[in-house]
1. Please compute, for peptide B:116-129, the average count of beta-carbon atoms on other protein chains lying within 10 Å of each residue's beta-carbon.
2. Return one whole number: the accessible area per residue of chain B in Å², for a 1.4 Å probe.
3. Restricting to bridges with both residues inside the range A:57-193, how much of the DSSP beta-bridge set is antiparallel, in percent to the nearest 5?
4. Using alpha carbons only, how many angstrom separate the centre of the range A:162-181 from the centre of the range A:28-51?
5. State, in square angstrom and to the nearest 100, the accessible area buried between chains A and D, both chains counted, probe radius 1.4 Å.
6. What pairs from B:LYS168/C:LYS36; B:LYS310/C:LYS358; A:LYS108/E:LYS77; D:LYS43/E:LYS43; B:LYS168/C:LYS310 go past 25 Å between their alpha carbons?
7. Show me the ranking of peptides B:89-100, A:12-23 by mean Cβ neighbours inside 10 Å, starting with the highest.
8. How well do other chains shield peptide D:200-212, expressed as the mean number of their Cβ atoms within 10 Å of each residue Cβ?
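The values are calculated or read from the model by the stated rules, or taken from the named source; none is laboratory data. Bear in mind the structure is a predicted one, so any value in this text is a computation, not a measurement. Here the Cβ positions follow ideal geometry from the backbone for every residue, glycine too, while neighbour counts run over all protein chains shown. Accessible surface areas use protein heavy atoms only, side chains included; no ligands, DNA or RNA. Shrake-Rupley method; radii C 1.70, N 1.55, O 1.52, S 1.80 Å.
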Amino acid sequence: GEITIAVASNFAAPMRDIAAAFERVSGEHRLRLAFGSSGKLYAQVYHGAPFDAFFSADQDKVNRLIARDLAVSNSRLTYALGQLALWSADSALIDEGPAVLAGDRFRKLAIANPKLAPYGVAAMETLTALEFEQTTRGRRVLGENIAQAFQFVASGNAQLGLIALSQVYRDGKITGGSSWLVPQALYRPIRQDAVILRNISAGPPERVAATKAFWAFLRSPKARSIIESYGYLTNAANPEPPTTSTKEVRDAK
Amino acid sequence: MPFTRGRRQADFLLDVDFSIPGSGVTGIFGPSGSGKTTLLRCIAGLQPCTQSHLRVNGETWQSADTGAITLPVHKRPIGYVFQQPSLFPHLTAEGNLAFARKRATQPVRAEDYDEIIQLMDLSGLLDARPESLSGGEQQRVAIARALLVKPQLLLMDEPLAALDLARKRDILPYLERLHQSFDIPILYVSHSVEEIARLADYLLLMEDGRIQQAGAAPALLSRTDFPVQLGDDLGVLLEADVIERDTQWNLLRARFDGGDLWLRDSGEAPGERIRIRVLARDVSLTRTEDTDSSILNRLPMRVVDITADKDPAMVLVRMTPRATPISDNQGFITARVTRRSQDALGLAAGEEVWAQIKSVAIVR
Amino acid sequence: MPFTRGRRQADFLLDVDFSIPGSGVTGIFGPSGSGKTTLLRCIAGLQPCTQSHLRVNGETWQSADTGAITLPVHKRPIGYVFQQPSLFPHLTAEGNLAFARKRATQPVRAEDYDEIIQLMDLSGLLDARPESLSGGEQQRVAIARALLVKPQLLLMDEPLAALDLARKRDILPYLERLHQSFDIPILYVSHSVEEIARLADYLLLMEDGRIQQAGAAPALLSRTDFPVQLGDDLGVLLEADVIERDTQWNLLRARFDGGDLWLRDSGEAPGERIRIRVLARDVSLTRTEDTDSSILNRLPMRVVDITADKDPAMVLVRMTPRATPISDNQGFITARVTRRSQDALGLAAGEEVWAQIKSVAIVR
Amino acid sequence: MLSDNDLAAIWLTLKLATTVTLLLMILGTPLAYWLAKTRSWWKGPVSALVTLPLVLPPTVLGFYLLIFMGPQGPLGKLTESLGLGTLPFTFPGLVIASLLYSLPFVVQPIQNAIEAQGQRPAEVAATLRAGPWDSFWHVTLPLAKPGLITAAVLGFAHTVGEFGVILMIGGNIPGVTKVVSIQIYDHVEALEYTQAHWLSAAMLIFSFSVLLALYVLQRRKTAGGWRYGP
Amino acid sequence: MLSDNDLAAIWLTLKLATTVTLLLMILGTPLAYWLAKTRSWWKGPVSALVTLPLVLPPTVLGFYLLIFMGPQGPLGKLTESLGLGTLPFTFPGLVIASLLYSLPFVVQPIQNAIEAQGQRPAEVAATLRAGPWDSFWHVTLPLAKPGLITAAVLGFAHTVGEFGVILMIGGNIPGVTKVVSIQIYDHVEALEYTQAHWLSAAMLIFSFSVLLALYVLQRRKTAGGWRYGP
Ligand SMILES: Nc1ncnc2c1ncn2[C@@H]1O[C@H](COP(=O)(O)OP(=O)(O)OP(=O)(O)O)[C@@H](O)[C@H]1O
Ligand SMILES: Nc1ncnc2c1ncn2[C@@H]1O[C@H](COP(=O)(O)OP(=O)(O)OP(=O)(O)O)[C@@H](O)[C@H]1O
Ligand code: MOO
Ligand SMILES: [Mg+2]
Ligand SMILES: [Mg+2]
């Protein structure tokens, strides 16, 4: 059967590869992918969107859907762990890791909006941990999502950005510019959770079957290797225990 | 066709109460801004006329009674020639005509159509867009358009003002025939006494939104105390019967209450009733008959009264035939002569004179 | 002020080549669609006139030479009264006047302003918006507006067509004075022979985009073969000198090449040169002098020629004074009489007659 | 260059924009006519209301439409009770949202064009025995043609470029609600810049050609007369 | 109800929309005038070009502006060489982007209004010795007033509601580039629906009042005459 899956935009590229691989493997099943920001997708699910599964960029939206009984709680899975990188399109700028954040060799630092995107939360935690939160305050620009933060840096409008490693990482290496991989210790893990939506349990059997098959495929080594090739980590011991509430993060001011 | 109307408007109050004949041409005459256009618009229904009552040929078009319905403009079988041509700019001249023809009260036959085109001399203009027509050309199209709806009441607001004399002369007889043969009443606004004298059976004189005078055109136009300054256009309108046609000299003899007159032949048959206009300026007086003059028409008359003209050099001499004194307004002839001649000839009421009439115009 | 012009346009070709006097009124006369408006527009510069050359009072406004500049409309010191009123709809009547006054070629004094307002009778209308004015009121504002720019050349396209007789009579003398006192040339389009006869010193007759005839107005208007069908307006224009003023009878005596005429007094002083119009229809003929008539003006004349009129019943009799035979066109008098009278009186070229002139109009 | 997905999106976009433009002209013209002619007290409020959708960011407008048309919203309850399901994430849903969003751009030019005519043409039509309906079709509309063309162009272009509302209400479902604007956005978000560039270029060239043709055509029709009455 | 952040965003929005509307009227009016009057070959292409920004989704337009105005883009290189830095993330940058985005909504109504006048008013003005500039100010513009008002309303409303472009090049800096539309969007995305509702309601009520006042005012001015010449 054919199922429709709502996917957070930042995971669009890997998800296309996964979908292709899945369709090849399963033969009979088809996936339709609908991308959007997690917040939008959440609102759409809440208001009756015909999605069968939801891949959020965080855990919070998934929690809420489960709390509202719009998602099947035992289907929750952390499909990827995001990694944060400090990146510049200028291949010479980031020469000594985070030290560049201390000087004035950059005018703007792009991060995702911490209110909206988990990468933004992680970026703020990192800056706080490195004690650059104050010094970079006037120079931070916020992307509505992590893709936009990346565009700010990639177009050179921001010289530095705290972005997703997945955006500059292909098949084991950084694609260009200069970068510093932020150590996992400086921010809490960026867990991206997926869940099967209630829609489907009442749906036709072939779609239920397709969803189940896809869920199984996600745990397969094939899927994991695709995800990892895009610079995500995968956690072998899924599902993770759910974190219960929205993470409190100060606004970016 | 009795009308009653009275309505307010920002600063102009049209306050008229009149009824006019159900057929024939009613001329409307009055200074600029006296409400002529406003009156036509009220009759057409283009303008809200509160507290007014309008009945045309027995049908009530508008009523002041509460709850009474008002006939909407497009249901009134009128034709309207606006003071400014107002062609549809998105249609060619022909398109404008077709617009009217399609919506006519009754089908317009091809001959009628061709006749109107011919008359208004439009055949060369049919493909032109209104903005590429001259002022007179636009007006001609507008007149043709109003005729093509086959109206049962024709409202014309200075239709011929933009036209040259020759064209006016072509169109006027057609308008005459129109109301004679189809018997549609026409309301005709004009500043030209000549047009009014020629066309109008009935006359409304407007001033400041009120009807100052109303009445049969011949009687009204023959009055020496006509309220509008007519100057050279002052004269009398007479009804006469054609009694003889002189083909040798292309003349007509017509008999009116006061005698016989020779006129230029314009095709009328003996027995036909015509209307002729004798301008006061065309009448000269002699004490004795002068048979030696080029003036054909000499009538023995008796002076009824002599009044001052607006020009201090002139007086108006009103006369009635010596043979058959007439008491009502018909049959009088008025002459406009200098005061000096009055004195020289010793003219006074009751005196006998010969009226020499230099020219007489058949106005219909 | 010589003009040369020749230009193509979609389907209308204006092909004129003329020069007119640098002062005085030039009347433009011609049937509807003959190119009168187009001509005025070319002179104003409102319309591209390729291959044309325009010089006004020695200044070249437009030239067909390559590379030559064309004076833009707003730099030409003209006043233009459009055939349709064309007031600015966003301004009140007063605003429209102020628009012109602010941009006048020279300051307009308060007295001049007041005089124009007075003359056009606009004092009650100043606050009104154009759409709430009647047709005639709009035109009056438009004329006042054109005068207020103090033009050095006034272009008027049927300015008085929408006005009533009384107002026309008020405005015409003003226009006369205007061009007399300020010496601005006026180009005046009109369908009214009366207006043209009264105002024009020079006349252009147009037909189909060409100048059919051009010349001094008196000569042209006096011709019996005048190409436009004048009908009752046919007559002669004469220059005359006032020689006596009779205050008792409010009359004037004026002398022209062919004798003396009594006229109604309109205020001219003895010695003044005036222009008078004798319509053919006002002239009757007798073989012997008739001293008993109310007609004051009797002139001994000799018949020069007799031509057929457009009306088959009538002939035109051209005469010259018996005393002083005149060879050029001046001094002729034309009478329009019936063929029957011609026959009865035995009129023929060379015969002696008395011309009785019923009325004479001073046109200036 | 253009993938199958891109082509599907282009097709869907044209279908949506055409449908919406047609409906907008059908709905907007009478509304504009009413606004131009009425002397009613409601004219002001209705005008303001028509313009109002403009001031909300499209995604937010989409968000409210989502609520309004969703199973909990008044319209959603109505459509569900009629057995039609709910409108979001369906093509008709997109159409309705786009209508609301592009309405002002259609109503305003038409209203202006009709107001600029003044009363005279309608008066003349009435004296020529054309009823209100007749007069509307054969006089008012033909005279308002430049305004109608502007309205259609703005309405079409605005719907083609519409994004926020559709993203919210349509849910980015390929073949059903995934229009070109969203497709390009996805390419950009997914850092697939080359595809984004191609698709944008295709859109721009296509739109430019259509607009150019339209303007040149419109101009040819109105050119000619060098003069405006005598 | 409304936080300080919200108020700052409202203030910034009004500042942006006012600036943009003013500039649009200043730039758009001559352009519209030229388009209405010209017989040039360029009329078609320029008209099409002005409308073109409409067909790109705002975010995509913003994306290209980001590149165009960035340090590698032609405009960015220019501004940097002039010592002005780059435009994204600055208020002037937002203004420029908004200008481009709202231009068609301003040009079209003005152009239509001028075209509807025909040539006569300008001809009359010229015979009254008003030069082209004088005539433009004292005749063409006053007569185009309804079109100018529509243009200003559409331009203002569209800038207030603008979102995608600003999102893309603004960088969400409070007090500099964080306008109301983005603030509401953030509330919605962050699932802070109550705040989103409040802010939207405030925007709507404010805008409705402004629009209503404008329309009523405009109407009062033009009402009165029940008739259109004789
Ligand atoms: N909308 C209006 N508001 C106020 N007054 C008006 C309006 N329309 C016309 N009037 C006034 O009504 C009066 C009569 O106008 P109307 O057009 O009927 O005159 P008219 O007799 O046709 O004159 P004309 O011979 O000049 O055409 C005029 O004084 C005019 O100023
Ligand atoms: N834009 C145009 N394109 C083509 N022909 C035109 C255009 N404008 C005017 N004409 C034609 O030029 C001729 C002359 O027009 P014009 O307006 O000069 O006439 P007119 O002498 O002023 O007539 P009227 O006395 O009726 O005002 C007319 O036949 C008219 O149809
Ligand atoms: O796609 Mo996100 O949820 O905006 O980072
Ligand atoms: Mg009138
Ligand atoms: Mg003309």
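1. Numbers: counts 0, 0, 0, 0, 0, 3, 0, 0, 2, 1, 0, 1, 4, 2.
Mean number of neighbouring Cβ atoms from other chains: 1.
2. 37
3. 70
4. A separation of 28 Å, based on Cα centres.
5. On the way: alone 11470 and 13490 Å², together 23020 Å².
That pair of chains buries around 1900 Å² in total.
6. Over 25 Å apart, Cα to Cα: D:LYS43/E:LYS43.
7. Numbers: B:89-100: 20.5, A:12-23: 18.8.
Highest mean packing first, the order is B:89-100, A:12-23.
8. On the way: counts 7, 0, 0, 5, 5, 0, 1, 6, 6, 1, 3, 10, 8.
Shielding by partners across D:200-212 averages 4.
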